[in-house]
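Reviewing the structure listed below.
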Amino acid sequence: MNFLELFKWFDATWISKVIRDSTYIFPVVEVLHLFGLTLLLGTVSVVAMRMLGFGMRRQSVHEVATQLAPWSVGAAILTIVSGILLFLSEAMKCYGNAAFPWKMWLLVGGIILYFVTQNKVTSPNSKLSPGQLKIIAILSLVLWYGVAIAGRAIAFV
């Protein structure tokens, strides 16, 4: 099965038809998607800024990252679930869109970075140097804001 056939299959699922045929489902799902993404970008930004040494200096990186982790995970889940629903409703539009693969690769990169580094960042006995924390912070910002920018670009390319 090639990608075109797979995208056609996604486009023909019952849930994609329900979303496309409804006046209200798509806009509600899109609002949830944008809310989740905004919350995710906010938590990622706060943790990254702390890792870069900007703000919240009375709290350790460990404390900030640990306190925001549930919000980040919840926001990521909301964003991904709503994103899947949006994708299903527009699978064929995504297939031919140059920004869509960028969004997916950046999303995969952001998820991998989170799971590879989260335990190290939130550990009270972290062995990460300030330089390593800065690299993780910059990568995180680039990947997650890249997801948002590429997602927005889907409407224009």
| query | Yes or no: residue 128 over 28 Å from residue 8 (Cβ atoms) and either assigned to a loop (DSSP other than H, G, I, E, B) or open to solvent by 30 Å² or more (accessible area, probe 1.4 Å) (or both)? | reply | yes
| query | Does any residue of the stretch 72-91 turn out to be outside any helix (DSSP H, G or I) and of a type outside the set (Ser, Thr, Tyr)? | reply | yes
| Which condition number in (1) open to solvent by 60 Å² or more (accessible area, probe 1.4 Å); (2) free of Cβ contacts under 8 Å to residues at least 12 places away in the same chain; (3) over 29 Å from residue 2 (Cα atoms); (4) more than 16 Å from the chain's Cα centre (by Cα) is the one that residue 134 fails? | (2)
| Residues within the stretch 1-24 that are open to solvent by 60 Å² or more (accessible area, probe 1.4 Å), part of a helix (DSSP H, G or I) and of a type outside the set (A, V, I, L, M), tallied | 8
| field | Subset of the stretch 54-76 [among the hydroxyl-bearing types (Ser, Thr, Tyr) and under 17 Å from residue 113 (Cβ atoms)] | value | 72
| task | Please indicate, with yes or no, whether at least one residue in the stretch 3-11 is modelled with pLDDT under 95, among the aromatic types (Phe, Trp, Tyr) and in contact with a helix residue (DSSP H, G or I) (Cβ under 8 Å, 6 or more places away or on another chain). | result | yes
| request: Take the stretch 33-92 and flag every residue that is open to solvent by 20 Å² or more (accessible area, probe 1.4 Å), farther than 16 Å from residue 151 by Cβ and polar (S, T, N, Q). | output: 45, 59, 60, 66, 67
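The values are calculated or read from the model by the stated rules, or taken from the named source; none is laboratory data. Small disclaimer: the values here were computed from a predicted structure and weren't measured. Please note: Cβ atoms are built from the backbone with ideal geometry, for glycine as well, and neighbour counts cover all protein chains shown. We work out accessible area using only protein heavy atoms, side chains counted, and drop any ligands, DNA or RNA first. Shrake-Rupley method; radii C 1.70, N 1.55, O 1.52, S 1.80 Å.
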